[in-house]
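Here's the structure we're looking at; comments come further down.
The values are calculated or read from the model by the stated rules, or taken from the named source; none is laboratory data. Treat the numbers as computed from the prediction; the structure is a model and nothing was measured. Methodologically, a virtual Cβ is constructed for each residue, glycine included, from the backbone with ideal geometry; neighbour enumeration extends over all protein chains shown. To get the accessible areas, we keep the full protein, side chains included, count just its heavy atoms, and leave off ligands, DNA and RNA. Shrake-Rupley method; radii C 1.70, N 1.55, O 1.52, S 1.80 Å.
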Amino acid sequence: MAVTVVALLGVWAVAEAYFAWWTFDGLGGMDLFAKDGDTPAFDDLADAESPFALVVFAILATGVAFVVWLFRVRANAEALSWRVQRNGRLWLVIGWLVPIGNWFIPKQIVDDVWLASRPAGAAASRKEHRPVLVYLWWACYLLYFWGVRLVEHAIERRYRGEVAPGRVSALMDLVQAPFGFAAAALAVAVVWRVSGFQKWGLAVPDASASSESADSPASVA
């Protein structure tokens, strides 16, 4: 499943790169600050030619695969460690969909799986700092899906009537792409690290058992 997620992230990256190139090519020679009607609207170029549908399809396919992978590593994490997972399994799906909650719940899930899966996870303190790699991945993910679009809406509100919305959206697509590539690369690293932790932990069950026995009964719940 980890291989599937990584492969689909690669497919998405290719689709996103093609979309970014198509957008850049479409913006060539267009005046960003021209008012609507002064030059052809960027949206007119995108009617039937835009590869955006490929990007959306790749995102959906990758998202489904990532959630399936999360279910599997979450089950392994529960078997490997006493560490309490802060969110029930239903949140592995709806956590991505709930407004505001989808800004932090998925990261909590990955944090908990990471800490429960790593070789020292069974004996680690519950107050331990969360993994930096997951923070970096999640920051890039939020910037890709939310941050850039919030900036876009702010620009459109500030310069309403002065800047053609279609051109602002196209420019933001280009700004957005690097954050997406960074998020994809970091997601690959997170997936391989967690899967590697669990491969080691499942191959050495005695190490996990001995770590659990060192904890107090109140910790093993």
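Anything in the stretch 11-25 that is open to solvent by less than 40 Å² (accessible area, probe 1.4 Å), free of Cβ contacts under 8 Å to residues at least 60 places away in the same chain and under 18 Å from Y141 (Cα atoms)? List them, or say none.
The answer is A15, and nothing else.
Please determine whether any residue of the stretch 122-135 is open to solvent by less than 20 Å² (accessible area, probe 1.4 Å), modelled with pLDDT under 85 and more than 24 Å from D173 (Cα to Cα).
Yes: one or more hits.
Would you check which residues across the stretch 62-75 are crowded, with 16+ Cβ neighbours inside 10 Å and either more than 15 Å from K107 (Cβ to Cβ) or basic (K, R) (or both) and list them?
T62, A65, W69, R74
Find all pairs meeting these conditions: Cβ atoms under 6 angstrom apart; at least six residues apart or on different chains; first residue within the stretch 76-102 and open to solvent by 80 Å² or more (accessible area, probe 1.4 Å); second residue of a type in the set (A, V, I, L, M, F, W, C).
Sorted first by the residue in the stretch 76-102, then by its partner, the pairs are W91/I105.
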